[in-house]
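Visitor: Please find one structure pasted underneath; my questions will follow.
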Amino acid sequence: MSPSVVFQIVNTIVLPAWLILIFFPNKHWKTPVIYTFAATMSVVYAIYVIQGFGDLDMESFSKLEGIKAMFTSDEAVVTGWVHYLVFDLLVGHWILKQSQKENINHFLIIPCLLLCFMFGPVGYLLYFIIKTAKTKKLG
């Protein structure tokens, strides 16, 4: 399967997971479904990592030029993209669970989830600000 097709598949797979976080936050089946989406995409990631492992130069991780060079192939870009998708989804799920523990209104969390989906750390930052303002604690 070409990297372009895999890119389209993982982008399609991740959308229902985010919709579940936004529209079905209290369903008991939410967590296993989210973890299944993340695990499925993690398999795709693992396949790409294993296929590209022979080309991996550990020194590349210590220099910006090395990181740029690693992402010159479509396979490497898809690998990185899947990495982002999986981790953003897991952070979004974590945000939702933490907000429920802190009894933060879900309507305040929806923008955090949307930002986490699109801009990862910005969604976490907004959640951190909301949680800190609501609970008056950093931890």
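The values are calculated or read from the model by the stated rules, or taken from the named source; none is laboratory data. Quantities reported herein were computed from a predicted structural model and do not represent experimental measurements. Cβ sites come from the backbone with ideal geometry, for glycine too, and all protein chains shown count toward neighbours. Each accessible area value is taken on the protein alone, full model and side chains, heavy atoms only, with ligands, DNA and RNA left out. Shrake-Rupley method; radii C 1.70, N 1.55, O 1.52, S 1.80 Å.
Visitor: Using a 1.4 Å probe over the heavy atoms of the protein chains, calculate the carbon and sulfur portion of the accessible area of the chain as a whole percent.
Guide: Of the solvent-accessible surface of the chain, carbon and sulfur hold 70 percent.
Visitor: Size of the dipole of the chain about the Cα centre, Lys and Arg at +1 and Asp and Glu at -1 on the beta carbon, nothing else charged, in debye to 20? The partial results should precede the final answer.
Guide: Working: 10 positive and 8 negative charges, 212 e Å.
About 1020 debye.
Visitor: Which Cα, out of S73, I95, N105, lies furthest along the positive dipole direction of the stretch 67-139 (beta carbon charges, K/R +1, D/E -1)?
Guide: Among S73, I95, N105, the one farthest towards the positive end of the dipole of the stretch 67-139 is N105.
Visitor: Give me the compactness ratio for the stretch 57-118, meaning the Cα radius of gyration over 2.2 N^0.38 Å.
Guide: Details: Rg = 16.5 Å, N = 62, 2.2 N^0.38 = 10.6 Å.
The reported ratio for this selection is 1.56.
Visitor: Go ahead and estimate [θ] at 222 nm for the chain from helices alone: -39,500 (n - 2.57) per DSSP H run with n ≥ 4, summed, over the residue count, rounded to 500.
Guide: Using -39500 (n - 2.57) per qualifying helix, the result is -26500 deg cm²/dmol.
Visitor: Counting other Cβ atoms within 10 Å of each Cβ, which trypsin sites (Lys or Arg not before Pro) in the stretch 56-105 have at most 10 and sit in a DSSP loop?
Guide: Sites meeting the loop and neighbour criteria: K63.
Visitor: Return the subset of K97/K136; K101/K136; K27/K137 for which the Cα-Cα distance in this structure is over 23 Å, preserving the input order.
Guide: Distance filter (> 23 Å) returns K27/K137.
Visitor: Taking N as the number of residues in the stretch 1-128, what is its alpha-carbon radius of gyration divided by 2.2 N^0.38 Å?
Guide: That ratio works out to 1.17.
Visitor: What's the ranking of 4-12, 18-26 by average number of surrounding C-beta atoms within 10 Å, highest first?
Guide: Output ranking for 4-12, 18-26: 18-26, 4-12.
Visitor: Another question about this same structure. Students often forget the sequence filter, so: which aspartates and glutamates lie under 19 Å Cα-Cα from K134 once same-chain residues fewer than 8 apart are removed?
Guide: E102
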